[in-house]
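Peer 1: Here it is, the structure in full.
The values are calculated or read from the model by the stated rules, or taken from the named source; none is laboratory data. Keep in mind it's a predicted model, so treat the numbers as computed, not measured. Don't worry about glycine lacking a Cβ; one is built from the backbone with ideal geometry, like all the others, and counts go over all protein chains shown. Areas reflect the complete protein model, heavy atoms only, side chains present, ligands, DNA and RNA absent. Shrake-Rupley method; radii C 1.70, N 1.55, O 1.52, S 1.80 Å.
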Amino acid sequence: MTPQSPMAVLLSPRPAVVEAARRVGARTLVLAPDLSRPGVREAVALADQAITVDWTDHPQLMMAVGHLTNLPARAAVFGFTEASALIAARANEALRFPGNPHAAVAYLTDKAALRGRVNQLTGAPVRFEHCDRAAHLVAVAERVGFPCVAKPRTGSGGQDVHLLRSAVDASDLAAQLAGEPALIVEEFLDGPEYSVEAHSRAGEHTVLAVTRKYGPRDLVGAVITEHQRTTGYDMPADLDEDTRERIHRLVVATLNSAGQRNGLSQTEVIVTAEGPRLIESHAHPGATEVHDLLRLATGTDLIALSVASALGLPLPEPDFGEPRCAGIRFLRLPPGHFEAVEGIAEARALAGVRELEIAVPVGSHVPEATSRVAGHGYVTAVADSPQELEAVLRKALDTLRPVVLPAPAPEPGPSVLAGAMAREIPRADVPRDMLREAVKEEEHTAA
């Protein structure tokens with residue numbers, strides 16, 4: 001790597017992003033509002049340079065990186081989240097750096113605009129309407145038809161997504177909303193959910209993986225909300241060739257509709273009884289866990305591929321031989337005081353298990369998992385077939401034996417306490433079936 005090497009300008013990256021950019025031969029410049037924040041601090045230590053800048057402020061960003069236009073080496077700004085991808089695209093366009101058109105990223109950010117274009121250009125339309133006033137929500141939902149889904153037009157990460165089963169649900173939600181919420185209300189799509197990772201170069205789209213996503217839909221036919229989380233992924237998804245090809249065509253049509261030209265994308269699809277239907281698409285990669293599974297399954301590093309492609313560096317080769325099946329299951333512990341998990345060493349020693357982590361510190365209270373994929377730990381495994389993969393993950397979960405002290409009951413009132421002796425709640429071994437709650441969705445689907 002020399003001063004003439006291409007420069008990757010990275011907006012508040014994870015350490016793994018910096019490592020990937022350096023691995024393909026790029027110099028790295030980290031921009032972040034606070035370089036001392038956990039995660040960013042570690043990324044800064046790996047980077048060639050770092051500057052404190054609020055990159056959400058366009059003029060500040062231009063001042064921080066404008067000098068790069070005078071360098072002989074190529075440069076580009078990279079953002080790998082919903083917000084940073086849009087800001088990076090605007091900066092690249094202003095500075096004439098390589099990258100995805102700002103308009104394409106904006107289309108993929110605006111769910112209503114994208115839905116309208118995809119409905120016009122594919123044979124897989126989905127009923128929807130805009131709703132810009134809370135007072136209109138009930139009427140809009142009734143026109144779309146129940147059940148339906150209400151979500152922000154420009155939201156991300158599955159936040160504030162609501163399933164409306166009736167006018168009562170719509171009325172209750174309307175009462176909680178701001179006066180002008182900027183929603184899209186669309187028909188509920190019933191079926192298994194898939195995440196599709198793709199890479200675009202000069203308008204040509206390559207599907208890298210179709211991943212089966214497990215979550216609340218598999219258990220109760222509901223959409224994910226802030227209280228309902230993704231429970232696992234399998235890659236590649238176990239699909240017949242016709243369904244896989246139809247998913248590929250829908251993804252390519254979606255990216256073409258938005259004008260996607262370069263970079264990574266993640267598209268969420270539901271396979272309904274009538275075939276694949278679009279949920280939404282993004283001009284950035286999906287969950288970090290999906291990146292990791294792609295490396296395990298195919299040896300492909302999404303970030304390295306994106307940086308090398310944009311900066312004209314040699315594209316990285318997969319770092320191992322035959323593709324395999326890879327999967328992850330997130331663990332959820334019952335509420336209470338976390339004492340221990342027995343069987344960790346045995347589970348880690350199982351053939352095929354690659355990682356097993358418990359995120360809750362021993363001796364602490366088990367927190368509520370509130371994000372889409374947050375849990376209390378995870379198990380990652382590889383295998384030669386989907387059936388073997390499921391067996392390995394299930395066995396690993398069965399081997400774990402968590403010990404949690406049940407949360408104490410609410411304190412009784414003064415009259416009950418009078419003359420009563422304090423009692424110690426005995427330690428309890430939590431049945432391993434409670435730990436396997438995160439995979440009940442798969443069992444329900446298989447049945």
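Peer 1: For segment 286-300, take each phi angle, set θ = phi - 60°, evaluate the Karplus expression 6.51 cos²θ - 1.76 cosθ + 1.60, and give the result in whole Hz per residue in order, putting x for glycine and proline.
Peer 2: Whole-Hz 3J(HN,Hα) from phi for segment 286-300: x, 4, 4, 4, 5, 4, 5, 5, 5, 5, 5, 7, 10, x, 8.
Peer 1: While we're on this one: Set the Förster distance to 60 Å, then compute FRET efficiency between residue 176 and residue 63 from the Cβ-Cβ distance, nearest 0.05.
Peer 2: The computed FRET efficiency comes out at 0.90.
Peer 1: Using θ = phi - 60° and the Karplus curve 6.51 cos²θ - 1.76 cosθ + 1.60, what whole-Hz ³J(HN,Hα) does each residue of segment 14-29 get, with Gly and Pro shown as x?
Peer 2: The phi angles translate into 6, x, 4, 5, 5, 4, 5, 5, 5, 5, 8, x, 8, 6, 10, 10 Hz.
Peer 1: Where does each of 385, 36 land when they are ordered by accessible area, with a 1.4 Å probe and the largest first?
Peer 2: Per-residue accessible area, sorted high to low, gives 36, 385.
Peer 1: Gain in length, residue 146 to residue 345, computed as 0.36 nm per residue apart minus the alpha-carbon separation, to one decimal in nm? Walk me through the intermediate numbers first.
Peer 2: Details: separation 199, 0.36 × 199 = 71.64 nm, distance 4.85 nm.
Stretched fully, the residue 146-residue 345 segment lengthens by 66.8 nm.
Peer 1: Between residue 168 and residue 364, what is the label-point separation in nm under the 7 Å Cα-to-beta-carbon projection?
Peer 2: Between residue 364 and residue 168, the simple spin-label model gives 4.0 nm.
Peer 1: What are the ³J(HN,Hα) couplings of segment 78-88, residue after residue, when phi is run through the Karplus curve with 6.51, -1.76, 1.60 and θ = phi - 60°? Round to Hz, x for glycine and proline.
Peer 2: Per residue, the Karplus-derived 3J(HN,Hα) values read 10, x, 10, 10, 4, 6, 5, 5, 5, 5, 4 Hz.
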